[in-house]
1. Relative to the first principal axis of the alpha-carbon coordinates of the chain, what is the inclination of helix 228-259, with its axis defined by its Cα atoms, in degrees from 0 to 90 and to the nearest 10?
2. Past 25 Å, Cα to Cα, is the threshold; run K135/K351; K75/K295; K135/K398 against it and keep the listed order.
3. Calculate how large, on average over all directions, the projected area of the Cα convex hull of the stretch 5-110 is; give the answer in nm² to one decimal.
4. Sort 363-372, 240-249, 36-45 by packing, meaning the average of other beta carbons within 10 Å per residue, with the highest value first.
5. Taking the 0 to 90 degree range and rounding to the nearest ten, how far is the long axis of helix 267-292 tilted relative to the main principal axis of the chain, both from C-alpha atoms?
6. Starting with the fewest neighbours, write out T176, T410, T227 ranked by other beta-carbon atoms found within 10 Å of each beta-carbon.
7. So what is the calculated 222 nm ellipticity per residue for the chain, using -39500 (n - 2.57) for each DSSP H run with n of 4 or more, over all residues, to the nearest 500 deg cm²/dmol?
8. Going by how many other beta carbons lie within 10 Å of each one, how would you line up D387, D218, fewest first?
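Derivation of every value follows stated rules applied to the coordinates shown; laboratory data play no part. Only a predicted model underlies this, so the values are computations on that prediction, with no experimental measurement involved. Cβ atoms come from the backbone with ideal geometry, glycine included; neighbour counts cover every protein chain shown.
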Amino acid sequence: MTPAAVAVSSNRVRYAAAAVVMQVLLGVLYSWSIFRGPLAQLHGWSKAETIAPYRYSLLAFAAGMILAGFWQDRKGPRVVASAGGFLLALGCLLAAWIGGTVNGLVLAYGIVAGVGVGFAYVTPIATCIKWFPDKRGMIVGLAVMGFGAGPLVFGPLLEALIGDDPSRFAVTIPRTFLILAAIFFVGVIGAAQFYRVPPPGWKPAGWVPPPGRMARGDLSSRGMLGTWQFYALWLIYFLGTSVGLTAIGEATPQLQEMARTSAVMSAGAALGVMSIFNGLGRLGWGSVSDRLGRKATILAMFAVSLLACVGFLRTASSFWMLLAGLCLAAFAYGGYLALMPSFTADYYGPKYVGANYGLLFSAWGVCGFLVPGYFAGIMDRARLAGDLASGYSEVYWKLAVLAAAGAFLTAVLRPPRR
């Protein structure tokens, strides 16, 4: 290894730091529920309409991940992450101009900005996996912790920028998108310039891969798609994130409805608390999986999701009970974003992890597009019937069934034979 390569590798913590900064900025995606109330008041949109940009942003996010994964495996992380920052800023800029209609917001924030997030999101994950083969679960958890904690920053910020005066929403909402565009153009593109990949064959000094944890060689995407384990992991990812994505999408409206009778804190502040648990779940479950194994950890995450749905959210009768359930759902959900990149590298090797994880991440995008929209429809019908409580009960019972199915599938998962 050259002296320059040694100097770079000895400071690998810098890549983790840049990853956290970028992921915090990308975590604005989870703060969409802050916009839903003001948009409904300004335009008279339904729940299904106000959640549409969020749904499409998750789908575009996943599509961008697939494209960026192949691209960054060939061209490196800096150019791909920079392109992502540019598209995210452009999407927010367009949202300020054409965000007066549902279709305009879907195109600008949902598709353009969503693809930008996907481009930028995959690069720190793939980079950190290559620099930290000895601590995959922990380092990916740390990197994506920033994404989960994004609403802790953007929740209160967006509430302050939008304000609570409905007569000014026509001004404050576009202005908020313009401010976000400036933040992302500077912050995401700036953080991207710190990324590097390790020299070929590099590994930490004195580190020996543990038996049974590391892949025997590297499989390309074509080889990965030829194993049944990929499709099992895809379904586990889809089922596991259903609870968290739905809870995040419904958090602000549900908290605001509960706050009318038992106000404890603002919905934005509560969303920030929820985001702390989301972020802690990513780091905590990722670190645990390095010691207990990915499979046992995911089974524990499904158990927490079931507890959140059946024990708290289905019959939440107070603000604190609701917030506790949402925090448990977010805590379990965060783990999937940390473990699935590590699972991909464990099963199929780190060389093609960008492309391979991009394909697996499509489960998250499809889930984000289908599941929150389906449950938002249930809540619209419950609102028309004047019985929100039964609507939420139906939503969380069905999510509990999905979590149970995911736990069963995880129990039968085995590593691929090579």
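1. Tilt relative to the chain: about 30 degrees.
2. On the way: K135/K351 16 Å; K75/K295 33 Å; K135/K398 35 Å.
Correct reply: K75/K295; K135/K398.
3. Working: hull surface 30.1 nm².
Computed as one quarter of the Cα hull surface, the answer is 7.5 nm².
4. Working: 363-372: 22.5, 240-249: 28.2, 36-45: 17.3.
The densest-packed peptide leads the list: 240-249, 363-372, 36-45.
5. Once rounded, the angle reads 20 degrees.
6. Values: T176 25, T410 22, T227 17.
Placing the least packed residue first, the sequence is T227, T410, T176.
7. Working: 17 runs with 318 residues, N = 418.
Helix contribution divided over all residues of the chain: -26000 deg cm²/dmol.
8. In increasing order of surrounding Cβ atoms, one gets D387, D218.
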